[in-house]
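Here is the structure we will look at.
The values are calculated or read from the model by the stated rules, or taken from the named source; none is laboratory data. These numbers come from a predicted model, not from an experiment. Glycine also receives a Cβ, built like all others from the backbone with ideal geometry; neighbour counts cover every protein chain displayed.
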Amino acid sequence: MSVVRVREHVNPLSKKYQVVASPPDWQRIYADLNQPLHLDIGSGKGRFLLEMAQRQPDWNFLGLEIREPLVEQANGWRTELGLTNLHYLFCNANNSLRSLLQSLPAGVLRTVTIQFPDPWFKRRHQKRRVVQPELVDDLANFLVSGGRVFVQSDVEEVAIAIRDRFHEHPAFTQQQLAWLPINPLPISTERELSVLALGDPVYRALFLNL
């Protein structure tokens, strides 16, 4: 698999990314549109979902990514493997998530992952972070009752900010108050593996939609 080199940071507030993504024809993308859906926000190179889709063929997987070359590359890998339960979409999740979820069958969204999002350390840049109150509200409205949101970051400040966003919303409850010691998913992202290889901590939390 060839790898495309792209910019690591993309400003989601720039004019280029203010166009709301049009929902695709989901019937042409997924072999069975009514299978439970796992949504990965900020799918990066897409290898996490590529492995998940092969391991769990009875689920559909959707990756949202703001860097278009990575989306094109990941969909190419998907096509090479002939997977009919996986798709990657180029979009800005902060302005496109609601319209995309509205276009899917009700009740299919079961799991959401947000893994190692861009930290945007400077205070004036924190409005660029992907986990904003509007995004949390959209997830609350479209996740099934009992649906899960798994988040993780190697930056404690970012993990705390994300945790607080979900705590502020009445629809979500955290599975346990302490950070999760291990990843509950069967596949780790490349970022997680590299952080753990350095011996650095990963801050993880799992939220349930009431």
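Considering only region 71-87, I want to know if a residue exists there that is of a type outside the set (D, E, K, R), surrounded by 13 or more Cβ atoms within 10 Å (Cβ to Cβ), modelled with pLDDT under 95 and in a loop (DSSP other than H, G, I, E, B).
Within region 71-87 (the criterion being of a type outside the set (D, E, K, R), surrounded by 13 or more Cβ atoms within 10 Å (Cβ to Cβ), modelled with pLDDT under 95 and in a loop (DSSP other than H, G, I, E, B)), the answer is no, since none of the residues qualifies.
Can you tell me how many residues within region 168-186 are modelled with pLDDT of 95 or more, loosely packed, with under 15 Cβ neighbours inside 10 Å and not aliphatic (A, V, I, L, M)?
Of the residues in that region, 6 qualify.
For region 163-179, state whether one or more residues are closer than 20 Å to GLU65 by Cα and in contact with a strand residue (DSSP E or B) (Cβ under 9 Å, 6 or more places away or on another chain). Break it down into steps so the answer makes sense when it comes.
First, pick out the residues of region 163-179 that are closer than 20 Å to GLU65 by Cα: none.
Checked region 163-179: no residue is closer than 20 Å to GLU65 by Cα and in contact with a strand residue (DSSP E or B) (Cβ under 9 Å, 6 or more places away or on another chain).
Looking at region 149-207, which of the residues that are part of a helix (DSSP H, G or I) and of a type in the set (Asp, Glu) is nearest to PHE61 (Cα to Cα)? So that I can check it myself, show each step before the final result.
First pass over region 149-207, keeping only residues part of a helix (DSSP H, G or I): 156-168, 190-197.
Add one more test, that the residue is of a type in the set (Asp, Glu), and what stays is 156-157, 164, 168, 190, 192.
Values: GLU156: 28, GLU157: 29, ASP164: 27, GLU168: 27, GLU190: 18, GLU192: 20 Å.
Looking at the filtered set, the residue picked out is GLU190.
I need the full set of residues from region 40-57 which are under 18 Å from GLU192 (Cα atoms) and either assigned to a loop (DSSP other than H, G, I, E, B) or out of contact with any Asp or Glu (no Cβ under 7 Å at 6 or more places or on another chain) (or both), in order please. Walk me through how you get there before you give the answer.
Restricting attention to region 40-57, the residues satisfying the condition of being under 18 Å from GLU192 (Cα atoms) are 40-52.
Answer for region 40-57, where residues must be under 18 Å from GLU192 (Cα atoms) and either assigned to a loop (DSSP other than H, G, I, E, B) or out of contact with any Asp or Glu (no Cβ under 7 Å at 6 or more places or on another chain) (or both): ASP40, ILE41, GLY42, SER43, GLY44, LYS45, GLY46, LEU50, GLU51, MET52.
Need pairs with beta-carbon distance below 6 Å; first residue under 13 Å from MET52 (Cα atoms) and within region 176-192, second surrounded by 10 or more Cβ atoms within 10 Å (Cβ to Cβ); sequence gap 6+ or separate chains.
ILE187/PHE48; ILE187/GLU51; ILE187/MET52; THR189/PHE48; THR189/GLN115
State whether the residues of region 110-125 include one that is modelled with pLDDT under 95 and of a type in the set (Asp, Glu).
yes
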